[in-house]
Structure formats: C-alpha cells, structure tokens
Amino acid sequence: MKVLVYSSFTFSYLNRARVLYQTLRRFHPDWELVALITDRPPEGFAFDPAAEPFDRVVWAEDLGIPDFQGWLFKHDVVEVCTAVKGPFIHQACSSGADAVIYLDPDTALLGSLDPLVEWLQDHDILLTPHLIDPNDDLTAILDNDLSASRTGIFNLGFVAIRTTGEGARFAKWWNDRLLSFCYDDMPNGLFVDQRWCDHVPALFDKVKVIRDPGYNVASWNLSTRTVAVEKDGRITVNGAPLRFWHFTKLGPLGDTMTKRYAGRNFPVYEIWAWYKRLVAEATDAAIPERWWAYGAYDDGAPIEKAERVLYRQRGDLQAAYPNPFAAGPGSFREWLQTEGA
Amino acid sequence: MRSLVPAALKLRLLSGFKRFDPDRAVVAAEFDAAWYLQAYPDIAKARVDPLAHFMAFGWKEGRDPNPRFSVREYLNEYPEVARAGVNPFVHFLKSGGEGSRAPRPDLGFRYDVIARLVPVEDRLAQAARASDAVRPGAGLAGALGPIGRRQLHVTFSHDDYTANVGGVQLALQREAAGVAAQGRDHLHLHPATPWPMLRTDEPAALGVVWNGQALGVFAAEAVAEALRAAAPARPGERSFAIHSLLGHSVDEVLAILAAAGLSEGFFWLHDFASLCAGYHLLRNDVEDCAAPPPDSAACGICLYGPWRGRHLSEHERLFRRLKLTVVAPSQPTLDLWRASWDFPVAGTLVHPHARLRSRGAAPAPPAGRPFRLAYAGLPAAHKGWPVFRDLALRLADDPRYEFLHLGLRSTPGLPVRFVEVAAGPENPRAMQQALEAAEADAVLVWPLCRETFSFVAYEAVAAGCAVITGPDSGNVAAFVRDGGHGAVLDEAALAEAFESGEVLKLGRATRRPALYDLDFGALTADLLPEGTPA
C-alpha cells in the first residue's frame, strides 16, 4: 500500500514538525512525507526543503483555493493551518497514494504505525477519540470529558483514509466544509475541523474508531492511561504498544495538565523530556518565535483577530478588498482606520 | 536574583517584619528553619532569620519553606495564586482545610530527577573543557625506571584509586596491595580528569600511578613510549586488568598494552559501561533498563540512547583485539552481561569482592523497642535515598518505627536520627561497626540501578541487619534471596509491609541473626599465578 503522510504547519512549528518527520522516517522509510506549509520563510532563514526530513513541500497558496488571500485572511493561524488539511487530503486522493494519513506537527511516533495499514484493508476512515475510557473523577470530567464534548469527540491531530470509496467521499466532504467553516467558534458549534468529524460515524460507512490506548496519547487522556517501559525495551500504554504521542501545548500549560494526570507515572516525564530535547535540537534560532508571514498587513502592522472576523462576516468588504493584507490608499486596512474604527 | 549584597539592610528590614507580618504565625508552625538553612547555604551565610527571609523574599525567589511544599509547583498548579501575587505557602495553609489543594503534586522523586537531566552532549563538552586545561608532562620513561627486569601488572580505571573514595577504589587498593605482595610492579592509568563515557576522538592526557605513587599526567603516547623504552631482552611475567574504560580511548589502551607486550588479560564488570554509555543501566537516571536491544523504544527515549553505539562498538573492538577473561563480582552481573551482547571473550569468571565469615550470634535487643530501619551512606537518589526519606516522612508518628541515617553528613528537617560514619581506607569496617552498634534491625539498600556488587548489603548482613531491597537491585536482590538475608519488595509492597507491620518479622528479636566478618578479596591479584619477587 502506497502511503502518504502529511502535516500542516507554519515556520514557527518547523522544529516540532521536523521531529515528527524524523520519527516517521525512522519507522516508515517507505512512506511519502509531505509538509503542507501556510507561511513564507522569515528573512534570515534559509529554507532548504532538500535538507529537511520530509520528501516535499506543498505551499497552501498552491492548493488552488479560490480568492486565496481573502480566504486566508478570514482565518487565524490555527484556523487556516487546519482548514488547508481539507483541500490537501482531497487532492491527495488523486495523487496515486492508496492511503493518506494526517498527523499534527506536535505529534511524534514512538512505535510503528503498521497496524493502521492493516486496518485500512477493511476500513476507509480511521479516527482516534480524545477519550476511550470515561473519567470518574470530577476534575478529570471537567478537564477532559466536557472539554471533548465542546471541542469534538475525535482528535483531528490524526486521521487516516483510503483514497477510494468512503475515504475519498470523506475527503471531498471535509474539503468542502473546511473551505467554508473552519473557525474557532464554539458558540456556533464549530471548533475548527474537529466538531465536523463528530458527524463522521453517521455520515460514512467503513469508519474505524481506534480504541487502542497506544495511539494519540495526550494530556487529555492520561487520566486513564498508564505508560510503562518494559525490561525488553517496549513502551506500553495500558499494556498496548505505544505508537504515537500528541505533545500538545509544549510549555507551562502542557506541563501542568500532564503533571496533573500523569502523577507518579514517571515514564510520561521521560517521554516529554525526550521530546523537548529533540525539539531543542531541531530549533533554528533564525526563525523568530511565533513567526507567521500572514500575521501582519503588508506594512508590518499585526492583524487583530477581530479584524479577521469582521472581514469574514462582511461579504461587501470581501468584494471591495480582495487582498485585505494590502496597506495604503484604498486598502482594507485604510478602511479599518477610517470607517471601521 | 539571590544577591546577598543587601543582606545587612534586609536584616534590619526583616526585624520590622517580625512584628508586623500577621501571616508569620500561620507559617511559623509549618516552617522548617533547619531545613531552609541547609537547603539554601547563602541564607545561612547571611545570618538572617530564615523565617523572616522566607516571608519577605524567599517565596518570591522560589525557595521552599520545608521539604514537603514546593513554591514553584504550587504556583504552576494554581496560576490564579501566582497572578494574585500572594505568598503561596500562606495561601496553601489558609485554604488547606478545603482539602482540594495539594502542597505539591505527588509526582514522586523521579519527576525531579528527570527535570534536572543534563544532556550528555553538555556533560561531554564540560569534560572536554576540563581535560583541555590539563597539560601533560614529560620524562615519564625515567620515572618508571628499569621495569623490564621485574614482573609488571597494568590496570586501567576511570580515576586515581589512591586519591578518590569509593567501592571500586577500595577494591583497587586491595588489588594493588595484592600484586605488590606478589612482587609485581603496578602501573595504573586513568584519565587525568573525569569523563562521562569512553573517548573516541576526544584528546585527553592520562594520570599515571606507579606502585601507588602518582607520577603526574602524560600523553598516552608517552606512556607507550616509556613502556617500549623499558622493554627488556627477557621480560618478567606481565598481566593487565581493565576495571573501567570511562575516559579512556580504546586505541590508546591497545597501543599501551602492545608496548608492554600484553594481549591477554582481565576485564572487570564493576559497572555496565561495556553495554552502554549510561553505565548504571539506569534509563534517564530513573529506572533500571536491563540493557534492552539498542534499537528498542526504551533506548529511543533515553538520554544515553544516542551514545550507546559508541560504547558497544568500541568495547567490541577491544574484545576482538585482546584475549579478555571477563570477571564479574556477582553472578547476576555476568548473566545480564552475557544475555545482552555477544562479545568475543576468552573466558568468564565470578569473583566476589567479599565473603561472609560467621562470628557467632548477635545479642538479642531489649524487648519492646521500635523497629530500626537504617539507611547507610550517601543520601543520593540513585542509591534510593528518596524511598527511605518518603518512608520516614510517612511513618514519622508511627511508634512502631525508628529511622536512622548513617553517613558523613546529615539531612536536617527529617524525622531521622543521624549517626556520623566516616568509612575510608583506614577504617574500611566503619559502616559495619556503626550498624552493629546502632543495632539496626534492617537496612534499606534500594539502589535504582542494578549493583554489580553492593558492599553496603554485605556490611549490613555482617552487622546482623536484614536487608530490604527492590527487585532491580542486581547483586543485592540476589544476595538477599540466595542467603535469606531479608526481603525483596517492589515500592508498593515496601509501603504495604511497613503499614501492615509485616516488616516487623525482620526485627532482630524475631530473626536472631548471626554476625559475620567480611573477608575481602584482592580482585585480579587473586586470579594471577603467584608472582615471585625480582
């Protein structure tokens, strides 16, 4: 089976993505690894795709999304890096690959993903839920179960599909929805791509919900998962081999949630320490922290989220200012400073 | 941040705080002044009131009021307290009754060890900098003299056994004394400065010890040259033993041995450096790994994983070039080593560093005395000190138990009676005698890493104590199981045995133990055909 794996990120996440691709290469040297980037390299950073641990780069602007600049402007960085996952997976269905796997850039493999290929013999769509065991503790219910109810049952840091049948039908549907509705707007039932996928078991056949604790281990499910390192060198989660970890929120918040639920299960801290070492090694000082080329107007002024939301909501503004990033006379920015203020 | 310059000014200010700080009384009941001064020597040096310092400055500097409360962890866990800018310990004590806030998340001591891990690259760079500062001397050939007429024994280890204290160093002293008694000259080579692993491309000079006297620091080539220059027409019997390759280069060792005309010798398993750069086989310094396959997931997340290949391939080269008889101080050590990697060896031996010789029954202790659990030696995490400390803290008010620490320095602020013991070359039985005098019922020997040979375990049993140890302690667990010398428990079973009182079965009154002398071996000197003086 020809497998294509992609991740979607900006240059400020290149360090984490490098770690993901390094671990993918280690376990799956035959899989095609694609970097989907919605960004431009910062000045002073020489981006050499040939030296990166992936096989090729696809720039979001080359996905053929209509009115790309206006479309992009409607999204913040998280929203747009999520939204482009749809068009890419839809187009990848006609790329010659038999299966396509998406992994978030802050995931990393600690074991082989071969069982996915096995499951894809019988299923067209694979999803990992945030939780595979319910919590009983009140804090854990508030932190994890209710959070998943708000943000989506499945964690879309991972999805795998066959490029035919129900997999292809899912890809087209996801493409369509994410092009129009990939916003962090929980009051309206949207949390980027995730709430959409609550519908997947209802809308599609041949869906497998992966209830194996070795997949997509993260702070939100550590309350019901125990990690062990065996004397024979295997790492297990509730007895099953560890496959991949989702290192969400690298920093104090991620640390706090991890500690709250890992407690004395110290292999969890070993795995985080390993990941932090790899990310530090993969970090290029030439990339400014929080860099995103599309985070500012052409004159360098930062774009506020409220300005993106306004533009998103007003068809007249979209028609009047097809390139909302522009600055100067006749620009959306000028309109904001005068009439929009 | 922790400047002591304004200490005098602070002192005057602090005396004012004493009168006016209403929270002081709340904190005073739980504040551990002795621990604070021990943990923060700069405060002790500044001679300020520790409680006043904590209330005014300490908590803002991330200093803890006692070993049970972490200011940093509390603020991380409760960011609203950090935002409010209030003393987190005061906040905890005032809201503690609600029961929902922990003084610090119960993450176990291994969390702290992992948080403090220093990348191996940094350790290596630091070792290289220290080594670069050493300038090798000249004129070694003259200092060695005409050794060619005499019998010669060459040893390699990680340091100067005459200058450093430790189990391996003491053992090497006995080997040195043994070969001297056999009439052999003894050339000991060690890296001039410590290294965390064996060297490949990193240059370094070697310290040279000749018949127990440190001659100085020389380049490896100078050592080889001196040996070549001293080569006689008719050499006496020659031997060598490799005790540790840490800080050595295999190429240098081979060149030096070739210059001395040596190719058959002994390789000691004092640790597992031949299997991994993490020579304690302690994955990320927190758990015994048992040397799994180098491409395993466990090695993949280990700090030492990327360096394991260096130690395996370099040792393999050594074993291919020399005819080495491998000597383990215990059977479990040899068993694990053989199971882990297939080095080409000339032979294998088990030769313990000490044996027990009975000297009669121990006197019965007075009836009704609490069970005395002792910890012997350095209070270090990899020796299991946190396991002992946590047990002592948990059972501090339990009248069934008494906790003793025998060692060089006390750790204040714990419900533990300290007994000063300074063991060394001049009094090698000091620990055994102190344990016997203290009438400890049991010694907690809980190394996180598998010991190749544990002197402490032997000393404890010789003193009539039971040994309580964990399943990953290597020679200790085997010694306890094989000899019926105590109990092998995991951490959960350990806690349960103390809670239930099951452990009281190991009391002296119930066991009626024997006392022993320790007959120490002389390592390689025991294995050589007895030499004849020149």
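Computed from the coordinates by the stated procedures, all read-outs in this text should not be read as laboratory data. No experiment lies behind these values; they were computed from the predicted model shown. Backbone-built Cβ (ideal geometry, glycine too); neighbour counts: all protein chains shown.
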Within the set A:231/B:505; A:276/A:305; A:2/A:208, which residue pairs have Cα atoms separated by over 25 Å?
A:231/B:505; A:276/A:305
Neighbour net charge for residue A:132 - beta-carbon separation under 10 angstrom, K R +1, D E -1:
0
Using a Förster distance of 51 Å, the FRET efficiency for residue A:164-residue A:141 (Cβ separation, nearest 0.05):
0.80
Based on the Cα coordinates of region A:296-338, what is the per residue volume of their convex hull in Å³?
63 Å³
Where does the charge balance sit around residue B:121 when Lys and Arg score +1, Asp and Glu -1, over other residues with C-beta under 15 Å from its C-beta?
+3
Rounded to the nearest Å, what's the spacing between the alpha carbon centres of region A:73-131 and region A:304-324? Just the number, please.
30 Å
Packing-ranked peptide list from B:456-465, A:305-314, B:433-442, A:226-235, highest mean Cβ count within 10 angstrom first, is B:456-465, B:433-442, A:226-235, A:305-314
Got a sec? How would B:378, B:227 order by Cβ neighbour count within 10 Å, fewest to most?
B:378, B:227
If amide H atoms are built 1.01 Å from N in the plane of the peptide, which residues on other chains or at least 5 residues away come under 5 Å of the amide H of residue A:191?
A:185, A:196
Each residue of A:251-257 has, on average, a number of other protein chain C-beta atoms within 10 Å of its C-beta equal to 2
5 Å is the cut-off here: which amide hydrogens, built 1.01 Å from N in the peptide plane, fall below it relative to residue B:443, excluding neighbours closer than 5 in sequence?
B:374, B:466, B:467, B:468
Arrange the peptides B:413-425, B:255-267 so that the one whose residues have, on average, the most other Cβ atoms within 10 Å appears first.
B:255-267, B:413-425
Specify which residue in the list A:329, A:171, B:376 is farthest towards the positive end of the charge dipole of the protein assembly as shown, using unit charges on the beta carbon of Lys, Arg (+1) and Asp, Glu (-1), about the Cα centre.
B:376
Can you give me the Cα centroid spacing of region B:36-78 and region B:237-251 in angstrom?
47 Å
Theoretical ellipticity at 222 nm over the protein assembly as shown - DSSP helices of four or more residues, -39500 (n - 2.57) apiece, nearest 500:
-10500 deg cm²/dmol
Please report the spacing between the Cα centers of region A:231-292 and region B:465-498 in Å, no decimals.
33 Å
Cα-centred dipole magnitude for chain A, charges only on beta-carbon of K, R (+1) and D, E (-1), debye, nearest 20:
620 debye
Local electrostatic count, residue A:151, Cβ distance below 13 Å [Lys/Arg +1, Asp/Glu -1]:
-4
Taking every residue of B:66-79, the Cβ atoms of other protein chains inside 10 Å of its Cβ average out to 1
Here D for region B:303-416, in µm²/s, from Stokes-Einstein with a Kirkwood Rh over Cα pairs at 4 °C and 1.567 mPa s, works out to 68 µm²/s
Peptides B:86-93, B:486-493 ordered by average Cβ neighbours within 10 Å, highest first
B:86-93, B:486-493
